[in-house]
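Chemist: Pasting a structure here, questions to come.
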Amino acid sequence: MLPTPPQNPKRLIFAGLLGCLSLVGCRASAPSSSLPCQSQRHAGADFLVCQFDVREDDIRLFHSDGNNVPYYQFETLARELSEQGLSLIFAMNGGMYHQDRRPVGFYRDASGDQAQVNTNDGPGNFHLKPNGVFWLRDGQAGITESRAYLASGLDPLFATQSGPMLVIDGALHPGLNPDGTSRRRRNGVGVDAEGHAVYFVISDDAVSFHDFATLFRDNLKTPDALYIDGQISRVYVPSLRRNEAGADMGPILTVVD
């Protein structure tokens, strides 16, 4: 979660009949109802909400290639997947990380674990307890508070830990102040009560923690939701001509076709 220069996610690039010359920084008009990503207005701000079904959609986490070199950017990952005959249809930053891009909290992908569950106290959003783990396994998804995750014996295929939790069993995180003045572009994930629908959300405006959390609770009706980040939040949705560049990332949440 390294600081980056502020970006304007509402910047539009028009090039007449030629369309966008580059995906970077481009943003399409509101998506049609047939697309998994929809624009939503909430608490005076714009959000992009991308809904996937873990039973049908291939949701994965990525961090490093076969040489243990982090992918850093969406384009690098998309290129490697293309060489394998796969398409990256959605991606967003997937967890907080240290200076060397190692995950701050628990992280698991197809290459194994890179960090264990972190229940330490400390500064910053990650340590605003309770934090939690977003996990995926065998057609099921969930978000579990970190200590409960340790006690659960869960053994998922993919997982990333972040914090704070935004919604916990249908209630807002008790530390979220409705009058809070901290506003950033933010991204997070929510899961429905059945553990099938996964909602990846990124704000297109600077928003407070409280307003971001109420989107999950009130609009999406997710009983549990997890904050991912607010320093390097960005998204990759090629169907919408959105490929947002920025500082090198650590974990990346994806949907692969």
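Chemist: Scan the range 83-96 and tell me whether some residue there is over 19 Å from TYR199 (Cα atoms), at pLDDT 95 or above and polar (S, T, N, Q). Please lay out each step first, then the result.
Modeler: Residues of the range 83-96 that are over 19 Å from TYR199 (Cα atoms), as a first pass: 83-87.
From the residues that got through so far, the ones that are at pLDDT 95 or above too are 83-87.
Subsequent filtering for residues that are polar (S, T, N, Q) retains 84, 87.
Looking through the range 83-96, at least one residue is over 19 Å from TYR199 (Cα atoms), at pLDDT 95 or above and polar (S, T, N, Q).
Chemist: In this structure, does ALA78 turn out to be among the hydrophobic types (A, V, I, L, M, F, W, C), modelled with pLDDT of 95 or more, on the phi > 0 side of the Ramachandran plot and touching a strand residue (DSSP E or B) at 6+ places or on another chain (Cβ under 8 Å)? Give the steps one after another, and end with the answer.
Modeler: Working: among the hydrophobic types (A, V, I, L, M, F, W, C): yes; modelled with pLDDT of 95 or more: yes; on the phi > 0 side of the Ramachandran plot: no; touching a strand residue (DSSP E or B) at 6+ places or on another chain (Cβ under 8 Å): yes.
No.
Chemist: Out of ASP53, ASP58, ASP65, ASP46, I need the residue that is farther than 23 Å from VAL191 by Cα and either in contact with a Gly (Cβ under 6 Å, 6 or more places away or on another chain) or modelled with pLDDT of 95 or more (or both). Which one?
Modeler: On inspection, the qualifying residue turns out to be ASP65.
Chemist: For the condition surrounded by fewer than 20 Cβ atoms within 10 Å (Cβ to Cβ) and over 22 Å from ALA45 (Cα atoms), what is the one hit in ASP179, ASP205, ASP169?
Modeler: It is ASP169.
Chemist: Being surrounded by 18 or more Cβ atoms within 10 Å (Cβ to Cβ), modelled with pLDDT of 95 or more, within 30 Å of ASP100 (Cβ to Cβ) and out of contact with any Lys or Arg (no Cβ under 6 Å at 6 or more places or on another chain) narrows it down to one residue among LEU220, LEU253; which is it?
Modeler: Values: LEU220 fails: within 30 Å of ASP100 (Cβ to Cβ).
Just a single option satisfies the conditions, and that option is LEU253.
Chemist: Of all the residues that make up the range 223-232, how many are more than 24 Å from ALA110 (Cβ to Cβ) and modelled with pLDDT of 95 or more?
Modeler: 4
The values are calculated or read from the model by the stated rules, or taken from the named source; none is laboratory data. Every value quoted in this text rests on a predicted model; they were computed, and no experiment measured them. All Cβ positions, even for glycine, are placed from backbone atoms using ideal geometry, and neighbour counts span all protein chains on display.
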